[in-house]
Amino acid sequence: MVLSRRRFVSSFAAAGIGFAAGRGQTLPSEIHRFADAATEFDVFRLTDPAHQSWLPAYTGRAVSKRGNFLIFASDVSGSVQAYRMDLKNGQSRALTDASHLDASSITLTPDERGVCFFDGASLFLTSLSNPRSREVYRAPEDFAPGHGLSLSEDGLYAAFVEQKRGVNRLQLVTLRTGSAQTLVESAEPIFDPMPRPRRAGMLYRRGDDELWLVNFDGAENRRLRIAAGGLGNALWSTDGRSVLYLNFPTDRTQLNNLREHTPDANDDRFISNTTQFAIFNRNGDSSVFVGASGSKASPYVLLLVRSVKRELTLCEHRARDPRLVSPIFSPNSQRVFFQSDRDGKMALYALAVERLVEQTESEERPS
């Protein structure tokens, strides 16, 4: 059941104060509601900027299908750990007791029963219902995990990059057994792998401005013919038929724009110009996009409606690096979450957008 705006607002009570917590312990709500200075929309700061908190990388899953809880990382306990926040009451429960947790690596499993993350060189799977964690895989001694961890739509595989001097390799690990397969090895940097929905393929970035696609068996590794210019982040459409990506034109007098590439047809199309998006994400059916503007004069989080190519300002993000704002929709497209260091340290924020964006079905559908 989707919460109404009134229930969403009333559930976000005044903030509490965090304290050191071990795995399984609960922290009180830190939620603070305020009116945005630019739009007067209600914004909810979910975590206290007295400590650092981070959303997962855009390649991971952060919000449950029903929108009732959020997975994030925080150093509120004195070390970086993963937490589950109940979005009805704002309370957060510690999920890990890691020694060297990579905040960008945490991701919710598709069945929403667990969370995957890297602790040092080890990939772990921990249950949300109990404090037990299982080491799934450990990188060889001469390799270290790179940036980006994502899970296949069926939850059977984890994809990530391993690095050592002069070598980068894309790994596919079976979560049940921990067996690993190298799909790609390159001297160039490889990062941000994303399994293709409904198909046994993997999208990944290579070098500064290249997108590549490879099969799960390592075959048909090919560079996608995307538009010239710089490359921002890239995302699969829900059905896996196309890649949505942010293009930075070579001519810097031109606006940053969103484009769509269809690998099977080798077709690349313009979607819309943007107010200088630095990073973006899509809603459940790719009809609306949310982006963080890189404009210093207008440091906003904005909605872009695809059908009319028009934007709506939601609020200011005022982050020092707009690429780190990482805005996302909830799976039903009724809320937007983002992060910003506008108040000193990185904190998490949320807005209700059900009056602006139609509700969509959950992204996870049977194949």
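Across the range 107-156 the C-alpha pair distances fall into 10 Å bins from zero in the proportions 25, 53, 21, 1 percent. Going by neighbour counts of Cβ atoms within 10 Å, the residues Met85, Met194 line up, fewest first, as Met194, Met85.
Using the Cβ atoms and a cut-off under 14 Å, what net charge is assigned to the surroundings of Arg93, where Lys and Arg are +1 and Asp and Glu are -1?
Details: positive: Arg23, Arg84, Lys88; negative: Glu30, Asp86, Asp97.
Neighbourhood net charge equals 0.
A simple rule links phi to the HN-Hα coupling: the Karplus curve 6.51 cos²θ - 1.76 cosθ + 1.60 with θ = phi - 60°, which for the range 148-159 gives x, 9, 9, 10, 5, 4, 8, x, 8, 10, 10, 10 Hz, with x for Gly and Pro. Close amide H pairs (under 5 Å, H built 1.01 Å from N) link Gly232 with Leu246, Asn247, Phe248, residues at least 5 positions away or on another chain.
Just to check, using Stokes-Einstein with a Kirkwood Rh over alpha carbon pairs, what's the diffusion coefficient of the chain at 10 °C and 1.306 mPa s in µm²/s?
For these conditions, the coefficient is 77 µm²/s.
Working note: Karplus 6.51/-1.76/1.60 with θ = phi - 60° gives the range 330-337 the couplings 5, x, 8, 6, 9, 9, 10, 10 Hz, where Gly and Pro are set to x. Our summary gives the chain a relative contact order of 13 percent, counting only alpha carbon pairs under 8 angstrom and 6 or more residues apart. Within the range 249-324, the trypsin sites (Lys or Arg not before Pro) that combine a DSSP coil assignment with at most 14 other C-beta atoms in a 10 angstrom radius are Arg252, Lys296, Lys309, Arg320.
Using C-alpha pairs below 8 Å separated by at least 6 residues, the relative contact order for the range 211-367 is 13 percent. In the range 105-204 the Cα-Cα distances spread across 10 Å bins starting at 0 as 16, 52, 27, 4, 0 percent of all pairs.
For a straight C-alpha distance cut-off of 15 angstrom, the aspartates and glutamates reachable from Lys88 (same-chain residues fewer than eight places away being disregarded) are Glu30. Based on Cα contacts under 8 Å between residues 6+ apart, the range 251-293 shows a relative contact order of 30 percent.
Here the 3J(HN,Hα) profile of the range 164-173, calculated from phi with Karplus coefficients 6.51, -1.76 and 1.60 at θ = phi - 60°, is 8, 3, x, 9, 10, 9, 8, 10, 10, 10 Hz, Gly and Pro shown as x. Taking 21 Å as the straight-line reach from the Cα of Lys345, the lysines in range (excluding those fewer than 8 positions away in the same chain) are Lys296. Residue-normalised convex hull volume from the C-alpha trace of the range 49-157: 108 Å³ per residue.
I need the shape label for the range 219-364. Rule: rounded when a/c is under 1.5, else prolate if a/b > b/c, else oblate, with a, b, c from the alpha carbon gyration tensor.
On the way: a/c = 1.75, a/b = 1.27, b/c = 1.38.
Because a/c hits 1.5 or more and a/b fails to exceed b/c, the range 219-364 counts as oblate.
Per-residue Cβ neighbour counts within 10 Å put Asp119, Asp75 in the sequence Asp75, Asp119, beginning with the fewest.
Report, in cubic angstrom per residue, the convex hull volume of the C-alpha atoms of the range 180-295. Numbers along the way, then the final one.
On the way: hull volume 12.9 nm³, N = 116.
So the per-residue Cα hull volume is 111 Å³.
Within straight-line reach of Lys164, meaning a Cα separation under 19 Å, sit the following aspartates and glutamates at least 8 residues removed in sequence or on another chain: Asp102, Asp119, Glu141, Asp142, Glu185, Glu188, Asp192, Asp208.
Find the Rg to Rh ratio for the range 287-352, where Rh is the Kirkwood radius over alpha-carbon pairs and Rg uses the same atoms. Don't skip to the answer; put the middle values down first.
Numbers: Rg = 11.6 Å, Rh = 12.0 Å.
Value, to two decimals: 0.96.
Computed from the coordinates by the stated procedures, all read-outs in this text should not be read as laboratory data. Bear in mind the structure is a predicted one, so any value in this text is a computation, not a measurement. Because the Cβ atoms are built from the backbone with ideal geometry, glycine has one as well, and the counts that use them run over all protein chains shown.
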